[in-house]
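Remarks on the structure that follows.
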Amino acid sequence: MGRGGVAGREANKRGRLKTMRIPSRKHPGRYVPKTATALLPALEPVSCGMAGLGPETQDRLRLPPKGRFRMGRTRQKRTSTQLGALGTEDERWSRRAATAHAVAAERVLSTGASSGQAVGRLLDPQQPLKLTLVLALATLIAAFGSSFQYGYNVAAVNSPSEFMQQFYNDTYYERTEEAIESVSLTLLWSVTVSMFPFGGFIGSLLVGPLVNKFGRKGALLFNNIFSIVPAILMGCSKVAKVYELIIASRLIVGVCAGISSNVVPMYLGELAPKNLRGALGVVPQLFITIGILVAQLFGFRSLLATEEGWPILLGLTGVPAALQLLLLPFFPESPRYLLIQKKDESAAKKALQRLRGWEDVHQEMEEIRKEDEAERAAGFVSVWKLFKMQSLRWQLISIIVLMAGQQLSGVNAIYYYADKIYLSAGVNSNDVQYVTAGTGAVNVFMTVVTVFVVELWGRRLLLLLGFATCLTSCIVLTIALALQDSVSWMPYVSIVCVIIYVIGHALGPSPIPALLITEIFLQSSRPAAFMIGGSVHWLSNFTVGLIFPFIQVGLGAYSFIIFAVICLLTTVYIFLVIPETKGRSFIEINQIFAKKNKVSDVCSEKEELKDLPPAISQE
């Protein structure tokens, strides 16, 4: 049964344990009093570790060092003195086991947690934490209200582009009684599209001040202003006959996306226990892909991609923001922010208790306190200070490489080129929209898969697998595009390459980098790290959108070789530098990077790694 196993793996069907055996070598099979077993429903076997309990509870339940619940009999011989002592020990064990169950029963009544959760956490604080209702709802509301909008606004202007450009032309004609020149119209449309990533860059620069002033949840609530206002402006732009409202609104909604793309992973990463941090950290990317897919579906010519429907399509981005503004205030703020930055221990404890579903959060509070002590001397870490800190050098380089690799690996170029690939394969021009939506559905499905495998396979493996898949797809796609005029079946190979690329990018390059920023930085440096990572992300996005059309004209089919090289370099960097962070606390992860940065546990400069405990895990 293993250490601390409880007898009675199979409880009776009426929901009570039949017996609990005590480890007596002289009297095998001695039972705990029925009052202890009758307190709770049938339980899975749990161990007797007490590291997660408060000091008072530990004193009440402390057991002899070698004591454990055990099934079966032992044949090892003991002296009469030892056997007499065991009798006394059995009595103590019996009383304390009953006390443990009584405490757990009281916890069931006070917190509403299930009996299995309560006793399991009481006797085994190291067991994996489960996803509670409060944590699940907080995750969904934060991701839907913020990350969803990012994806929605990426794709919302693609389908109705013809009608929007016609609106630009008609409005200009009504003002000047002259048709707008083709070059000017193209420039206006390019500015409309590029304002979104430029706004995202501005939003990334605001992340640090917002999360430090308002907190993680407060920053998300404040950010809804940058969604609701432009949604109203874009929805009214046609009635007002002012196309400048669309351009300005794209900039503002880009600011919203820039803030949310950094704050949501930060917020969820600080809410989640370490065994769920990876899965919940991928949820924002999942909602980004869902937002893209929903925009593609609403953008069908039979729905909102019409002359009358496109203002509604653009204005719908305010709906998730309004829902988040109404619902998110009912959920907890980040406990780490409350304890480390606000110094409000009572509020942090209450937030943790709501998120975990039970009262005793002593172990996690201690972990947060250690993190606070480890970085107390560092104080506030600005962007400039982050660049100068030796103890964070490799963490900083890593997020720059990963964020740049994420955008420069060719994902936007693949989507840009996809329509031409589908047309060359013989897809009807009216049906391309459905094939594009199918590609978006594949993206959503693979991101859902990533949510479930990130804690199984780990971050490092998913990054390596994802970038290697993108590398292979870019190489084969280049060959297929170069030969598609001479080989009849090559266009179908191109379609397969596009789909495989989307699968690879959804596995690692899309969701993992933002998750890693949360994991490899401690509390004081995390906002500045997200500012830098977000800025690199949006500048790279803007750069690809700006220069890829020129690269495509100059290099044609061979333009994807550039992206293949970037995928290769990023894969090599991940293999050599990025450690696995699955299941590790923030303190343990920083211990790993301390070796790479060649700094001691107690830094002479009293930087972020001051007072770290000895490493308890290997790289």
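The values are calculated or read from the model by the stated rules, or taken from the named source; none is laboratory data. Bear in mind the structure is a predicted one, so any value in this text is a computation, not a measurement. FYI the Cβ positions are ideal-geometry reconstructions off the backbone, even for glycines, and counts take in every protein chain you see.
Annotations
- Subset of region 294-315 (residues that are assigned to a loop (DSSP other than H, G, I, E, B) and touching a helix residue (DSSP H, G or I) at 6+ places or on another chain (Cβ under 8 Å)): Gly299, Phe300, Arg301, Leu303, Leu304, Ala305, Thr306, Glu307
- Filtered residues of region 543-584 (kept if of a type in the set (S, T, N, Q) and modelled with pLDDT of 80 or more): Thr543, Ser559, Thr570, Thr571, Thr581
- Residues satisfying the stated conditions in region 320-335, i.e. in a loop (DSSP other than H, G, I, E, B) and either among the acidic types (Asp, Glu) or in contact with a Gly (Cβ under 8 Å, 6 or more places away or on another chain) (or both): Glu333, Ser334
- Taking the listed residues Leu481, Leu516, Leu522, the one that is touching a Lys or Arg at 6+ places or on another chain (Cβ under 9 Å), crowded, with 19+ Cβ neighbours inside 10 Å and over 19 Å from Gly440 (Cα atoms) is Leu516, with no other qualifying.
- Matching option when the condition is under 31 Å from the mean Cα position of the chain (by Cα) and under 23 Å from Val294 (Cβ atoms), among Ser147, Ser161: Ser147
- Filter pass, Ser94 being closer than 29 Å to Thr436 by Cβ, at pLDDT below 85 and either outside any helix (DSSP H, G or I) or not assigned by TED's automatic domain parsing to the domain that holds Lys217 (or both): no
- Across region 268-280, the qualifying residues are those that are closer than 14 Å to Gln523 by Cα and either under 9 Å from the mean Cα position of the chain (by Cα) or part of a loop (DSSP other than H, G, I, E, B) (or both), and the one among them that is modelled with the lowest pLDDT is Gly269.
- Residue check for Lys606: outside any helix (DSSP H, G or I), modelled with pLDDT of 75 or more and either in the same structural domain as Asn412 (by TED's automatic domain parsing) or of a type in the set (A, V, I, L, M) (or both): no
- The residues listed here are Leu461, Leu477; of these, the one that is assigned to a helix (DSSP H, G or I) and out of contact with any Cys (no Cβ under 7 Å at 6 or more places or on another chain) is Leu461.
- Subset of region 478-509 [within 21 Å of Thr289 (Cβ to Cβ) and touching a residue at least 60 places away in the same chain (Cβ under 8 Å)]: Ile495, Val498, Ile499, Tyr501, Val502, Ile503, His505, Ala506, Leu507, Pro509
- Leu303, sole failed condition from (1) in contact (Cβ under 8 Å) with a residue 12 or more places away in the chain; (2) in contact with a Leu (Cβ under 8 Å, 6 or more places away or on another chain): (1)
- When region 577-587 is limited to residues that are closer than 12 Å to Leu463 by Cβ and not charged (D, E, K, R), the one that is surrounded by the fewest Cβ atoms within 10 Å (Cβ to Cβ) turns out to be Val577.
- Among the residues listed as Arg301, Arg277, the single one being of a type in the set (Lys, Arg) and surrounded by 24 or more Cβ atoms within 10 Å (Cβ to Cβ): Arg277
- Residues located in region 330-376, provided they are among the aliphatic types (A, V, I, L, M) and farther than 16 Å from Thr132 by Cβ: Leu338, Leu339, Ile340, Ala347, Ala348, Met365, Ile368, Ala374
- Condition met for Ser260 (under 26 Å from Gly504 (Cα atoms), in the same structural domain as Ser237 (by TED's automatic domain parsing) and either touching a residue at least 24 places away in the same chain (Cβ under 8 Å) or in a loop (DSSP other than H, G, I, E, B) (or both)): yes
- Among (1) crowded, with 22+ Cβ neighbours inside 10 Å; (2) aromatic (Phe, Trp, Tyr); (3) touching a Leu at 6+ places or on another chain (Cβ under 9 Å); (4) modelled with pLDDT under 90 - the single one Tyr417 does not satisfy: (1)
- Output for region 325-337, where each listed residue is in contact with a helix residue (DSSP H, G or I) (Cβ under 8 Å, 6 or more places away or on another chain) and surrounded by fewer than 24 Cβ atoms within 10 Å (Cβ to Cβ): Leu325, Leu327, Leu328, Pro329, Phe331, Pro332, Glu333
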